[in-house]
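Student: First the structure, then my questions, so here it is.
The values are calculated or read from the model by the stated rules, or taken from the named source; none is laboratory data. Quick caveat, the model's predicted, so the values are computed rather than measured. Cβ sites come from the backbone with ideal geometry, for glycine too, and all protein chains shown count toward neighbours. For the accessible areas, the whole protein counts, side chains as well, though only heavy atoms, and no ligand, DNA or RNA atoms are used. Shrake-Rupley method; radii C 1.70, N 1.55, O 1.52, S 1.80 Å.
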Amino acid sequence: MVPVALGIAIALAGAAIVVAVRSRRAADEHRVAADRAAAALAAQSQSSADAQAVQTLILASMEEGVLLFAPDGAHVFANDSLSHHLGDVAPSSDRLLPIALRDAVRRAGYIGSTVIVEVETGAPTRWLRATAQPVGSDGTVLLVVRDVTETRRLDAVRRDFVSNASHELKTPVASILALAETLGDGALEDQAVAKGFIEQLERDADRLGRIVADLLDLSRLETGSERIDRVALDAMAQDEVARRTEQADAAEVSLTVQIDGVPAIRGSARDLALLLGNLIDNAIRYTQPGGSVSVAIRPDHDAVVIRVADTGVGIPQRDLPRIFERFYRVDQARSRETGGTGLGLSIVRHVTENHGGEVTVESELGQGAVFEVRLPTAAPAQ
Ligand code: ADP
């Protein structure tokens, strides 16, 4: 039997222990809660530090220049790219150059909505597109600057191309319409005249067909070449030359081919035939009677080199960098008279690039021209 006093003592002690245990548990719980809160706080500040690091990384790796101005015009933040676009960072918006950007920042802060400007700056000239955007309503303004020089250049090239292509197509179409009208108005009665007109109609239709075919080839080539064939360039060159012997004979130009055991390459047979055909065709068309064209293909280390040389009219030095452009011609009249579309060398350049190769030209006016295409034998990455 447990005496009452002892029982009470035990009970009290038990209660005390319970209380002690409870209060220790409470303290533990507090500590755990505090630890958790501290950990959460640390995690939060860690994650906000992480977020900040991520933001800084993003801003630093952006191509666009980013600049933030406080309501009083002082610059608060600039990312690394900004100096590429604007040089030294302006300490405040009223020192910002070019002036058009300063005005854009001022206006955006004043009217409270986005202002976009494009400015030409520097030498060589670059075009910058700047967006000044109010942040909140206190006059803070974010300026984002992007270099749009290349975009503008490509836009201009595209516009030129469309206008050139339309012009090229319009000429034979206008001629066909005029001939048909004249024939309808009575020229049909005169057999000799009618024959001449019909021949001209055929030439115009043929010309239209060639321009359209070249345009279609070019647009297909712009998306790449399907390099799925094992191409024996030697046999292909023999074929392309054979197909043009009649043309060369008519132009009184001697046409020879020399091939030194070249390995087959991986590529698009259709496109490589276009490349060879265009180079040989040009060489014949731009060579005077009595001249010669030679086609040679040889291996060179890890490449195959196609060389088409002629003794023709040649190309002036100043035109050499431009002859691979679409519709660029040194001599408009000669090109048209001989059935040129102005697209042949552009096709050659595309096929070469699609096969990971490079094309070069050497020429002097009156001394002929030498075109060399170097194609790697190992298939480059698609
Ligand atoms: P085209 O159909 O007018 O020949 P290309 O794109 O094939 O167009 O060539 C562009 C221009 O380059 C030609 O108009 C011509 O002035 C010049 N050219 C090309 N190949 C030769 C060559 N072998 N000899 C001289 N000029 C050439």
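Student: Condition first: at pLDDT 95 or above and surrounded by fewer than 19 Cβ atoms within 10 Å (Cβ to Cβ). Now tell me which residues in the range 362-373 satisfy that.
Tutor: Those that are at pLDDT 95 or above and surrounded by fewer than 19 Cβ atoms within 10 Å (Cβ to Cβ): Glu362, Val370, Glu372.
Student: Failed condition for Thr352, given (1) near the ligand (Cβ under 9 Å from one of its atoms); (2) assigned to a helix (DSSP H, G or I); (3) touching a residue at least 60 places away in the same chain (Cβ under 8 Å); (4) polar (S, T, N, Q), with all others met?
Tutor: Thr352 satisfies all of (1) near the ligand (Cβ under 9 Å from one of its atoms); (2) assigned to a helix (DSSP H, G or I); (3) touching a residue at least 60 places away in the same chain (Cβ under 8 Å); (4) polar (S, T, N, Q) except (1).
Student: Please verify whether Arg270 is within 28 Å of the chain's Cα centre (by Cα), in the same structural domain as Glu362 (by TED's automatic domain parsing) and open to solvent by 20 Å² or more (accessible area, probe 1.4 Å), treating the condition exactly as stated.
Tutor: When the stated conditions are applied, Arg270 passes them.
Student: Here is a follow-up. Please verify whether Ala378 is surrounded by 14 or more Cβ atoms within 10 Å (Cβ to Cβ), over 19 Å from Leu169 (Cα atoms) and of a type in the set (A, V, I, L, M, F, W, C), treating the condition exactly as stated.
Tutor: no
Student: Name the residue that is surrounded by the most Cβ atoms within 10 Å (Cβ to Cβ), counting only residues in the range 204-232 that are under 20 Å from Ala283 (Cβ atoms) and in contact with a Gly (Cβ under 9 Å, 6 or more places away or on another chain).
Tutor: Only one residue tops the list, namely Asp214.
Student: Contact list please: Cβ distance under 8 Å, first residue in the range 324-337 and among the aliphatic types (A, V, I, L, M), second residue within 8 Å of the ligand (Cβ to nearest atom), pairs at least six apart or on different chains.
Tutor: These pairs meet every condition: Val330/Ile315; Val330/Asp319; Val330/Ile323.
Student: Out of Val293, Val330, report the one residue that is farther than 28 Å from Glu222 by Cβ, in the same structural domain as Thr360 (by TED's automatic domain parsing) and surrounded by 17 or more Cβ atoms within 10 Å (Cβ to Cβ).
Tutor: Only one candidate passes the filter, namely Val293.
Student: Here are the criteria: (1) in a loop (DSSP other than H, G, I, E, B); (2) farther than 29 Å from Val212 by Cβ; (3) not small (Gly, Ala, Ser). Tell me which single one Ile315 does not satisfy.
Tutor: It is condition (2) that Ile315 fails.
Student: Among (1) assigned by TED's automatic domain parsing to the domain that holds Val348; (2) more than 18 Å from Gly277 (Cα to Cα), which single condition is Ala232 missing?
Tutor: Going through the list (1) assigned by TED's automatic domain parsing to the domain that holds Val348; (2) more than 18 Å from Gly277 (Cα to Cα), Ala232 breaks only (2).
Student: Out of all the residues in the range 272-304, which are under 16 Å from Thr377 (Cβ atoms) and small (Gly, Ala, Ser)?
Tutor: Ala303 - this is the single residue of the range 272-304 that is under 16 Å from Thr377 (Cβ atoms) and small (Gly, Ala, Ser).
Student: Give the residues of the range 51-76 that are under 24 Å from Arg107 (Cα atoms), open to solvent by 70 Å² or more (accessible area, probe 1.4 Å) and not in a loop (DSSP other than H, G, I, E, B), sorted by residue number.
Tutor: Matches in the range 51-76: Val76 only.
Student: Among Val119, Val144, Val135, which is hydrophobic (A, V, I, L, M, F, W, C) and over 28 Å from the mean Cα position of the chain (by Cα)?
Tutor: Criteria check complete, one pass: Val135.
Student: Checking Leu320 against (1) open to solvent by 20 Å² or more (accessible area, probe 1.4 Å); (2) free of Cβ contacts under 8 Å to residues at least 24 places away in the same chain; (3) within 12 Å of the ligand (Cβ to nearest atom); (4) in a helix (DSSP H, G or I), which single condition isn't satisfied?
Tutor: Unmet for Leu320, out of (1) open to solvent by 20 Å² or more (accessible area, probe 1.4 Å); (2) free of Cβ contacts under 8 Å to residues at least 24 places away in the same chain; (3) within 12 Å of the ligand (Cβ to nearest atom); (4) in a helix (DSSP H, G or I): (2).
Student: Given (1) exposed (fewer than 12 other Cβ atoms within 10 Å of the Cβ); (2) assigned to a strand (DSSP E or B), identify the lone condition not met by Val119.
Tutor: (1)
Student: Is it the case that Val148 is modelled with pLDDT of 95 or more and farther than 16 Å from Ser93 by Cβ?
Tutor: yes
Student: Follow-up. So Arg207 fits all but one of (1) at pLDDT 95 or above; (2) touching a Pro at 6+ places or on another chain (Cβ under 9 Å); what number is the exception?
Tutor: It is condition (1) that Arg207 fails.
Student: Would you pick out the residues in the range 242-296 that are of a type in the set (Val, Ile, Thr) and away from the ligand (no atom under 15 Å from the Cβ)?
Tutor: Thr245, Thr256, Val257, Ile259, Val262, Ile265
Student: On the given criteria, is Arg146 among the charged types (D, E, K, R), under 30 Å from Ala100 (Cβ atoms) and not in a helix (DSSP H, G or I)?
Tutor: Judged against the criteria, Arg146 is a match.
Student: Is there any pair linking a residue in the range 190-214 that is outside the structural domain of Phe327 (by TED's automatic domain parsing) to one that is of a type in the set (Lys, Arg), with Cβ under 9 Å and at least six apart or on different chains, and which?
Tutor: Short answer, once both residue conditions are applied: Arg207/Arg336.
Student: Hey, among the residues in the range 323-347 that are modelled with pLDDT under 95 and part of a helix (DSSP H, G or I), which one's nearest to the ligand (Cβ to nearest atom)?
Tutor: So, considering only residues that are modelled with pLDDT under 95 and part of a helix (DSSP H, G or I), the one nearest to the ligand (Cβ to nearest atom) is Ser335.
Student: How about the range 77-116: which of its residues are open to solvent by 30 Å² or more (accessible area, probe 1.4 Å), of a type in the set (Val, Ile, Thr) and either assigned to a strand (DSSP E or B) or modelled with pLDDT under 90 (or both)?
Tutor: Across the range 77-116, the qualifying residues are Val89, Ile116.
Student: Ok, one more. Determine if the range 165-183 includes at least one residue that is part of a helix (DSSP H, G or I), of a type in the set (S, T, N, Q) and over 18 Å from Thr341 (Cβ atoms).
Tutor: There is at least one residue in the range 165-183 that is part of a helix (DSSP H, G or I), of a type in the set (S, T, N, Q) and over 18 Å from Thr341 (Cβ atoms).
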